[in-house]
1. To make sure I understand, if each residue's beta carbon is the centre and we count other beta carbons within 10 Å, what order do Arg187, Arg69 fall in, fewest to most?
2. Would you kindly state how much longer the chain becomes between Asn50 and Phe132 on full extension, computed as 0.36 nm times their sequence separation minus their alpha carbon distance, in nm to one decimal?
3. Identify, among Ser41, Pro91, Phe132, the residue whose Cα sits farthest towards the positive end of the charge dipole of the range 20-146, taking +1 on the Cβ of Lys and Arg and -1 on the Cβ of Asp and Glu, with the dipole about the Cα centre.
4. I'd like the FRET efficiency for Arg106 and Ser184, computed as 1/(1 + (r/R0)^6) with the beta carbon distance as r and R0 of 35 Å, rounded to 0.05.
5. Just rank Ile219, Ile101, Ile81, fewest to most, by other beta-carbon atoms within 10 angstrom.
6. Listed highest first by mean packing, meaning other Cβ atoms within 10 Å per residue, what order do 114-123, 16-25, 70-79 come in?
7. Work out how much length Ser71 to Ile222 would gain on full extension: take 0.36 nm times their residue separation and subtract the Cα-Cα distance, in nm to one decimal.
8. Among 37-49, 84-96, how do they line up from the highest to the lowest mean number of other beta-carbon atoms within 10 Å?
Amino acid sequence: MQVVAYNSWIQRVCPAPRRYLAQLVVRFGLKTGLDVGCGESSPLTPLRKNGFRSIGLDASPERLENARRRSEHDEYYCADILTFPLDSLPPVDVVVMSHVIEHLSREDGLRLLQVAERFARRLIYVETPRGFMEQLDCLQGDLLQEHRSGWFPWDFEARGYMVFGSGLGLLRPRHGRPSALPESLTRWTGRLAQAVVFRNPQWSSAIAAIQYRDEQGNIRTI
């Protein structure tokens, strides 16, 4: 796949969970995906250039319409994943949930993982802040954006996920904001540290959890 080949050297220097996801999709020949809480920037969208088909699902009509205007997916559904009848859709190879689970209570977050694990045939990808990150001034009346729970690497590792880090947590210790350095310097320092943080999620500001199953349905480490 062109997008992965082009970024392969970048991934070695500055490994990113989303690029790793794309590489896994190509490596194992996965063809279909569902983005839960798809918003307006889906990690599945670049894969569509090479025949990958994706479905976008979001509880917000506005965000879903924005994704539609940007042609992020092939199909769109406005619904709550916990009540949406997933059996009305064909099974997919990949389920992506990027910054979704922290907007649910702990109980509902665990239910969401169970739903995704039943529906995905091969791979599940979850992005979330490491630990609880309080939302202060970015809600703008949208209660769907409120953070209700915090998640750590061991929450996913106990379920057979591999966990990777993104962003050096020391640089953004409160609410995702820079601690002492200017924003531009914070970003560059974070990029330099990413090669270490990727494999050490306990130092990261955000984590990405990946569960992979082989063709027989067995959870595998990759």
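1. Working: Arg187 14, Arg69 9.
Fewest-to-most Cβ neighbours within 10 Å comes out as Arg69, Arg187.
2. Residue separation times 0.36 nm, minus the Cα-Cα distance, leaves 25.8 nm.
3. So the residue furthest toward the plus end is Pro91.
4. The computed FRET efficiency comes out at 0.45.
5. Working: Ile219 13, Ile101 27, Ile81 23.
Ordered from fewest to most neighbouring Cβ atoms within 10 Å, Ile219, Ile101, Ile81 come out as Ile219, Ile81, Ile101.
6. Numbers: 114-123: 17.5, 16-25: 20.2, 70-79: 15.3.
So the order, starting with the most tightly packed, is 16-25, 114-123, 70-79.
7. Details: separation 151, 0.36 × 151 = 54.36 nm, distance 3.11 nm.
The Ser71-Ile222 span can extend by a further 51.2 nm.
8. Working: 37-49: 20.1, 84-96: 16.8.
Ranking the peptides 37-49, 84-96 by packing returns 37-49, 84-96.
Here, each number is a calculation from the coordinates, and none is a lab measurement. In this text the structure is predicted, and so the values were computed from the model without any measurement. As a convention, Cβ positions derive from the backbone with ideal geometry for all residues, glycine included, and neighbour counts pool all protein chains shown.
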